[in-house]
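Comments concern the structure below.
Just so it is clear, none of the values below were taken in a lab; they were calculated from the coordinates. These figures come from a predicted structure and were not determined experimentally. Positions of Cβ are generated from backbone atoms using ideal geometry, with glycine treated the same way; all protein chains shown enter the neighbour counts.
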Amino acid sequence: MEKQTMRIAILGLGTVGSGVVRLLRESREMLHLKTGLNLELAKVLVRDARRPRPGFEDLPLTDDVDEILGDPSIRIVVELMGGIEPARTYMVEALKRGKTVVTANKDVMADYDKDLYDAGEIGDAELYFEASVGGGIPIIRPLKESLAANRMELVMGIVNGTTNYILTQMSQYGKSYEEALREAQELGYAEPDPTNDVQGYDAARKLAILSSICFLSRVKPGMVYTEGITRITPRDIEYGRRFGWVVKLLAIGKEVDGKIEARVHPAFIPEGHPLANVSGSLNAVFTVGDPVGESMFFGRGAGAGPTASAVVSDLIAAALSKRTPGRRAGDASTVFFEKPVLPISETRSRYYLRLHATDAPGSLARIAERFGVHEVSLAQVVQGSGGPDRPNGRGSAELVLVTHTVQDANMQAVVRDLKEMADTVISVDNVIRVEG
């Protein structure tokens, strides 16, 4: 097969950038056999081109981005710098100059996708971002192409490997949140400052991207209701197990009556749910579409290998598209509407609530009465015997109450009332949604 050369440049030679370079080297012949293309690495942008980089001595390094943006022979730019600036500026300029952009940057894609698509219209250039969500899991292109005939109703996923690893350690081995986090940091799954992961911000950015594609309306990270996992305790996990549930940090997007729900929070799901057995640092995305029904995408959500796999797959698609005149429809923006995103108060769910109350006649009746006042129907009430995170002291009782499906605003009104009942309720220990 005759080789056609496609000159590319990479912005960034960190963990993912190095992984992409290695994959391109190791798979050169296979990629040629599959595509008929010779992907020539013309330039790699780094901060300091003079610094020695063992194993990459032969790379054409530069610390001047204009050597890439100003070179018309470079037709594809792969952005792997991370962060918003200067990555956003470089991508916008590349697209305006007619260069296809491949990126793994969820921060830019979640907040500035319109800037990129607008720049692509100016330069008649394409944008690929499979690696921005789910690492090596194919999800962006399937949603935009393979499932394009469907009206998407739900996207729900475990899209942060750090939090999934922590919750798995807590659930399977009885570790505390602090113990599991420390282990995740030692293994490199969690950053020294884990806030972005454990508070749900990383998952919110990924959900914004997925929801924008699924529901054809732009969803920004600031529109996504976000809760982290820091309040989950072994006691809650123990109760969940009694009910046949598993706790996960879920990213949930729904379209209901022309309005979008977008929320990230811990939730109990039944042990039989497809997402329940996604353990460790694995990721998975579960979708429901009409008429296809349920679909599941599962695999490694982070790391140099999986992310490099997604980047190079996009790179191949971009190169093939460059070789053939005409834009691939799946790589255009899917935002056509401006659908409202519901505030969390208007969403509906079931709820698990754990509290400590005074162990006295009438306490449960007074608590149940507050649920009734706010039209929150109780499905189950269980009295516990204390636990390691809050010992059951003399004169107190631990109660777990599970509701039927109710509106969030009503449930929060109940919680406010309970916190004000100092003569009856000692503490409201946790409130967790129940999904699935």
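Estimated from helical segments only, the mean residue ellipticity of the chain at 222 nm is -10500 deg cm²/dmol, where each DSSP H run of four or more residues counts as -39500 (n - 2.57).
Which residue fluctuates the most in the chain, going by a Gaussian network model with Cα springs under 10 Å, if the choices are Thr347, Thr163, Thr226? Highest fluctuation of the listed residues: Thr347.
Fully extending the segment from Val335 to Gln172, taken as 0.36 nm per residue of separation minus the present Cα-Cα distance, adds 54.6 nm. For the chain, relative contact order (Cα pairs under 8 Å, six or more residues apart, normalised by length) works out to 16 percent.
Modelled spin labels at Glu294 and Leu154, positioned 7 Å past Cα toward Cβ, are 0.8 nm from each other. Ordering Ile74, Val92, Phe56 by Cα displacement along the dipole of region 48-96 toward the positive end leaves Val92 in first place; charges were set at the Cβ atoms of Lys, Arg (+1) and Asp, Glu (-1).
Which residues among region 230-270 fall inside the zone where the amide N is under 19 Å from a point 7 Å beyond the Cα of Ser345, along Cα→Cβ? Residues passing the 19 Å test: 259-264. Could you give the length gained on full extension between Lys419 and Arg323, defined as 0.36 nm per residue of separation minus the Cα-Cα distance, in nm? Using 0.36 nm per residue and subtracting the Cα-Cα distance, I get 28.1 nm. Considering only Asp423, Asp66, Asp359, the Gaussian network model of the chain with Cα springs below 10 Å gives its largest mean-square fluctuation to Asp423. Suppose each label sits 7 Å from its Cα in the direction of the beta carbon; what would the Ser427-Phe243 distance come out to in nanometres? Simple spin-label model gives 2.0 nm for this pair. A cut-off under 14 angstrom between Cβ atoms defines the neighbours of Gly280, and their net charge, with Lys, Arg +1 and Asp, Glu -1, is +2. Considering only the other residues whose Cβ falls under 12 Å of the Cβ of Asp64, what net charge follows from Lys and Arg at +1 and Asp and Glu at -1? Net local charge, Asp64 excluded: -3.
For Glu369 and Asp193 in one chain, what is 0.36 nm times their gap in residues minus the Cα-Cα distance, to one decimal in nm?
Result for the pair: 59.1 nm of gain on full extension.
With 22 Å as the limit, the listed pairs Lys114/Lys206; Lys144/Lys259; Lys43/Lys99; Lys144/Lys248 have Lys144/Lys248 beyond it between alpha carbons. Electrostatic bookkeeping for His404 treats Lys and Arg as +1 and Asp and Glu as -1; over the other residues with beta carbon under 12 Å from its beta carbon, the sum is +1. Between Arg50 and Thr15, the distance separating the two model label sites (each 7 Å from Cα on the Cα→Cβ line) works out to 3.0 nm.
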